[in-house]
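Enquirer: Below: one structure in structure tokens.
Where a number appears in this text, it was derived from the coordinates with a stated rule and is not lab data. Since we're looking at a predicted model, the values are computed, not measured. Every residue, glycine among them, receives a Cβ derived from its backbone with ideal geometry; neighbour counts consider all protein chains shown.
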Amino acid sequence: MDEKQARFLVNSKSEMGYHPIYEIDFRGERLAFFHPGIGAPLAASLLEEMIARGCRRFIACGGCGVLDKDIAVGHLLVPVSALRDEGTSYHYLPPSREVEVDPQALAAIGRVFLRHGIEYLKTKTWTTDAIYRETADKTRMYLEEGCLAVDMEAAAFFAVAQFRNVHFGQILYGGDAVIPNEWDGRVWTGRKDIRQDLFWLAAEAVFEM
């Protein structure tokens, strides 16, 4: 995105400092966007503030770890549910193994990808708070449960959205390979081209809901 396209709206604030919210014109509509930070507690808090400001439809986009090394860097994954291996979601929903994504958001993402002829994987994602406890045993177990992705926010996002009765979906792209007894960074964080394309797909999906 050309930085000149975005207009600063307002800051959210945390102990880390300011978290800016921006706006652009997208196909004649106003679209707000922000970075939710890293990790479930901060991401959930910033999502709460966006809901309080009146937003009702959300699509998150970004990278994730993959539990199958055959998933290429940049391949798109769409979570249909998140395994709740974090703490934040339990403050919003009763205890359960998983939390499902909003079906309306999931359908909107699917229509956008179909329109563009984009191949993607629907998957369960493993949401964790502890990157240094992504052990070989856990990786094997969650892969066997159907998790192709590992992230740090999805379960909290989905739980907040359900609790607040808003629509929320997520598009991820394959990043580092998190596989038993091995880790491969695959230079995933430098893929600016993928992130930019992902942003515009997410923008389109928001207005598809």
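Enquirer: Taking the mean number of other Cβ atoms within 10 Å as a proxy for protection, how do you rank 144-152, 195-203, 112-120 from highest to lowest?
Expert: 144-152, 195-203, 112-120
Enquirer: Cross-link partners among lysines for LYS13, C-alpha distance below 30 Å, same-chain residues fewer than 8 apart left out?
Expert: Result set, ordered by chain and number: LYS4, LYS192.
Enquirer: I want the antiparallel fraction of DSSP beta bridges within the chain, as a percent rounded to 5.
Expert: DSSP beta bridges in the chain are roughly 50 percent antiparallel.
Enquirer: Which value, in debye to the nearest 20, gives the size of the charge dipole of the chain about its Cα centre, when Lys and Arg are +1 and Asp and Glu are -1 at the Cβ? Please report the intermediate quantities before stating the final value.
Expert: Details: 23 positive and 30 negative charges, 108 e Å.
Value, rounded to 20: 520 debye.
Enquirer: Once R0 is set to 30 Å, what does the formula 1/(1 + (r/R0)^6) return for the Cβ-Cβ distance between LYS192 and VAL10, expressed as a FRET efficiency to the nearest 0.05? Could the numbers behind the result be given before it?
Expert: Values: r = 26 Å, r/R0 = 0.87.
The calculated FRET efficiency here is 0.70.
Enquirer: Cα axis of helix 103-116 to longest principal axis of the chain: angle in degrees, 0 to 90, nearest 10?
Expert: 80 degrees
Enquirer: Let me ask something additional. Counting every Cα pair in segment 58-208, what percent are over 24 Å apart?
Expert: 28 percent
Enquirer: Would you list TRP183, TRP126 from fewest to most Cβ contacts within 10 Å?
Expert: In increasing order of surrounding Cβ atoms, one gets TRP183, TRP126.
Enquirer: Right, next: Okay, helix-only estimate at 222 nm for the chain: each DSSP H run of n ≥ 4 adds -39500 (n - 2.57), divide by all residues, round to 500 deg cm²/dmol; what do you get?
Expert: -9500 deg cm²/dmol, from helical runs alone.
Enquirer: Take each of the peptides 89-102, 9-22, 61-74, average the number of other beta-carbon atoms within 10 Å over its residues, and list them starting from the highest.
Expert: Ranked by mean Cβ neighbours within 10 Å, highest first: 61-74, 89-102, 9-22.
Enquirer: On C-alpha positions alone, give me the angle between the axis of helix 40-52 and the longest principal axis of the chain, in degrees, nearest 10.
Expert: For helix 40-52, the angle is close to 30 degrees.
Enquirer: Ranked from highest to lowest mean number of other Cβ atoms within 10 Å per residue, what is the order of the peptides 48-60, 157-169?
Expert: 157-169, 48-60
Enquirer: So how tilted is helix 154-164 from the main axis of the chain? Cα-based, degrees 0 to 90, rounded to 10.
Expert: 50 degrees
Enquirer: About the Cα centre of segment 88-209, what is the dipole size in debye to 20, counting +1 per Lys and Arg Cβ and -1 per Asp and Glu Cβ, all else neutral?
Expert: 180 debye
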